[in-house]
1. Please list, by residue number, every one of the trypsin sites (Lys or Arg not before Pro) in segment 87-133 that is coil in DSSP and has at most 10 other beta-carbon atoms within 10 Å.
2. Take the Cβ-Cβ distance between Asn132 and Met204 as r, set R0 to 41 Å, and report the resulting FRET efficiency rounded to the nearest 0.05.
3. Placing one identical point scatterer on every Cα of segment 116-196 and ignoring solvent, what is log10 I(q)/I(0) from the Debye formula at q = 0.11, 0.14, 0.16 Å⁻¹?
4. Using r as the Cβ-Cβ distance of Arg54 and Asp90, and R0 as 35 Å, what FRET efficiency do you calculate, to the nearest 0.05?
5. Just to be sure I understand the model, the point goes 7 Å from the Cα along the line to the Cβ. What's the resulting Arg27 to Gln117 distance in nm?
6. Modelling each spin label as a point 7 Å along the Cα-to-Cβ direction, I'd like the Asp100/Phe213 distance in nm, to one decimal.
7. I need the trypsin sites (Lys or Arg not before Pro) found in segment 143-196, filtered to DSSP loop residues with at most 16 other beta carbons within 10 Å of theirs.
8. Please compute P(r) over all alpha-carbon pairs of segment 34-161, binned at 5 Å starting from zero, and give each bin as a whole-number percent.
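FYI, it's all coordinate maths here, none of it is from the lab. This one's a predicted model, so the numbers in the text were calculated from it and none came from an experiment. Quick reminder, even Gly has a Cβ in these numbers, built from the backbone with ideal geometry, and neighbours come from all protein chains shown.
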Amino acid sequence: MSKPSQASVPACLRSAGRPKASDVEARTQDLIDAAAALFLANGYTRTSLEAIARTARVAVRTIYVKFGGKAGLLNAVLMSRRDQFFRMRDMDKDMRPFRDVVRDFAHQFFDLLCKEQLIAMQRVVIAEAPGNPELADTFYSAGPRLTRDMLERFFARPDIRTQLRTDLPFAQLPAFLTGWIAGDSIQRFVFPDAQPPMDEAHRMLDERLEMFFRAVLR
């Protein structure tokens, strides 16, 4: 007897099969987005895995399986937002002139620092990090450390070193550059609504970059 075709089998008796990879990815992103919204609204400590699971319509066990727990889920939130806001080429492989590479990085990095979601996440981390070192480490590893490592590789390139002053404290260059880019970060963090328009802010950034170039180039 021939096997009945899939079309002839009632829908209620068909096997659901494995979900498509695109569906799994979409559900995972929904979970990350739900966690991000709750972290920003309630803070990290006051957001329970049960609340995240309920909002995302998944089991708490799913969060443990996919992310290892709340800290791992926060790491995924931070990485997701970093990829969303900060798409840029790897500086240590960019062979354009020094000024062009640094200027492009600076403007992208400045835009990242001005993102409302990132500012809100920084507030969450700063408020809760003293009592939760794991949260601070997760935040730093997901964003600032990756940026710092990339800058260290860039400044360590032999062709870049030959353009820089020989008396520079090279280990401090990444922090020096990001500090120049950030400008008055305290004012931006405390008074986000009192900032200049973005075109003016970028013009001021270019002025700071010129000072940076004069300070480090031969």
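1. Arg87
2. The computed FRET efficiency comes out at 0.70.
3. Cα-only, vacuum Debye calculation for segment 116-196: -0.42, -0.64, -0.79.
4. 0.35
5. Inter-label distance under the simple model: 2.2 nm.
6. 1.3 nm
7. Within segment 143-196, the qualifying trypsin sites (Lys or Arg not before Pro) (loop, at most 16 other Cβ atoms within 10 Å) are Arg165.
8. Cα pair-distance distribution for segment 34-161, in percent: 2, 10, 18, 19, 16, 12, 9, 7, 4, 2, 0.
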